[in-house]
Amino acid sequence: MNQDQIEIINPTAMRSVRQTRLAPRRLESLRGRRIGLLDNNKPNADKFLGYIGELLKARYDGIELVAKRKMSRTEADCLPELSSDCEAVINAFAD
Amino acid sequence: MKLESTGIPTATVVTEEFLPLALTEARSRGMADLPLIRVPHPVGTLAADSLRSVAERAVDSILAQLVCGKAKASASSAAVPSAIGDDSNLTLTVPSDPAEMFRLFDERGWTDGLPVLPPTPAAVERMIAASRQEREIVLGIIPPLKGIATIEKIAANSVMAGCLPEYFPLVLAAVKGMLRPGYNLDGVQTTTGNVAPLTIVNGP
């Protein structure tokens with residue numbers, strides 16, 4: 001350390017992060033699959049997912065849609081249901 | 001992210017304004033490659049026709065993230081704010097010239113533009129001494145980036161903010177209060193609504 005420098009305590013914190021892998025992408029098509037649609041209770045998020053659902057239904061025979069809503073960003077009550085009932089989930093978050 | 005970790009593929013649609021937050025959250029929660037689909041901001045005020053055309057433009061990108069063998073059209077190339085350092089060194093050397101030092105602190109996102117003091121080892125030591133606690137004690141994990149709040153890190157930040165050592169116990173009490181679950185610090189820190197923490201101190 002030369003004269004033009006001083007020592008400081010690093011003010012940034014170490015982070016508590018556990019790395020998690022993405023789920024494997026096994027579906028070859030959404031035909032006949034149950035797909036979750038999860039919105040965040042913001043205006044239009046449900047309608048946006050409704051349109052996405054219509055577009056998916058037009059493309060894939062037998063697709064089933066399960067619409068759920070998350071009331072806050074930390075609330076997760078519907079996640080167990082989505083993860084046991086659905087084979088993929090589309091989220092629409094933020095305004 | 002919880003769904004991905006239980007084996008369910010997901011595609012998350014976010015508006016452009018929220019993309020940096022979504023990327024930061026994904027990274028800080030250990031899933032930097034979470035599939036995000038970007039749409040123009042805002043969608044909340046769009047009329048039905050416009051909303052439908054946003055959905056029509058987004059649907060292929062959504063499918064690409066859910067079905068195997070399709071090209072990955074990820075938004076992960078966008079810039080991510082890095083206010084929190086990845087530097088695990090306990091001490092750093094910085095320019096002693098105040099203006100140069102401030103420029104460095106500003107570049108690193110260590111100030112919101114207001115002047116800050118250097119957290120020298122001696123100044124941080126005085127702060128820790130005023131707490132009568134060990135420097136390694138952890139008060140909690142600060143959302144959303146999950147920084148581990150030790151007495152030493154809070155002391156260093158208090159020095160920077162101009163806190164006097166005799167006030168430091170109050171800062172620690174406020175941090176403890178904000179970390180109580182009912183306070184919802186995660187929400188306070190990430191909402192685009194106008195909220196700011198307020199501490200009312202009463203006493204002699």
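The values are calculated or read from the model by the stated rules, or taken from the named source; none is laboratory data. Quick caveat, the model's predicted, so the values are computed rather than measured. All Cβ positions, even for glycine, are placed from backbone atoms using ideal geometry, and neighbour counts span all protein chains on display.
Would the range A:3-12 turn up any residue that is part of a loop (DSSP other than H, G, I, E, B), surrounded by fewer than 17 Cβ atoms within 10 Å (Cβ to Cβ) and in contact (Cβ under 8 Å) with a residue 24 or more places away in the chain? Don't jump to the end; show me each part of the working.
Just the residues of the range A:3-12 that are part of a loop (DSSP other than H, G, I, E, B), to begin with: A:3-4, A:10-12.
After this cut, where a residue has to be surrounded by fewer than 17 Cβ atoms within 10 Å (Cβ to Cβ) as well, the list is A:3-4.
Subset that is in contact (Cβ under 8 Å) with a residue 24 or more places away in the chain: none.
The answer is no; no qualifying residue exists.
Yes or no: B:VAL59 touching a strand residue (DSSP E or B) at 6+ places or on another chain (Cβ under 8 Å) and free of Cβ contacts under 8 Å to residues at least 40 places away in the same chain? Outline the logic, then answer.
Working: touching a strand residue (DSSP E or B) at 6+ places or on another chain (Cβ under 8 Å): no; free of Cβ contacts under 8 Å to residues at least 40 places away in the same chain: yes.
No: the conditions fail for B:VAL59.
From the list B:GLY177, B:GLY140, pick out the single residue that is within 13 Å of chain A (Cβ to nearest Cβ) and either closer than 29 Å to B:ALA26 by Cα or assigned to a loop (DSSP other than H, G, I, E, B) (or both). Break it down stepwise before answering.
Details: B:GLY177 fails: within 13 Å of chain A (Cβ to nearest Cβ).
When all the criteria are applied, what remains is B:GLY140.
Out of everything in the range B:36-84 that is farther than 22 Å from A:LYS47 by Cβ and modelled with pLDDT of 50 or more, what residue ends up being farthest from the chain's Cα centre (by Cα)? First the steps, then the outcome.
Of the range B:36-84, the ones farther than 22 Å from A:LYS47 by Cβ are B:64, B:67-84.
Retained after the next criterion (residues that are modelled with pLDDT of 50 or more): B:64, B:67-70.
Working: B:ALA64: 29, B:VAL67: 32, B:CYS68: 33, B:GLY69: 34, B:LYS70: 33 Å.
The extreme case among them is B:GLY69.
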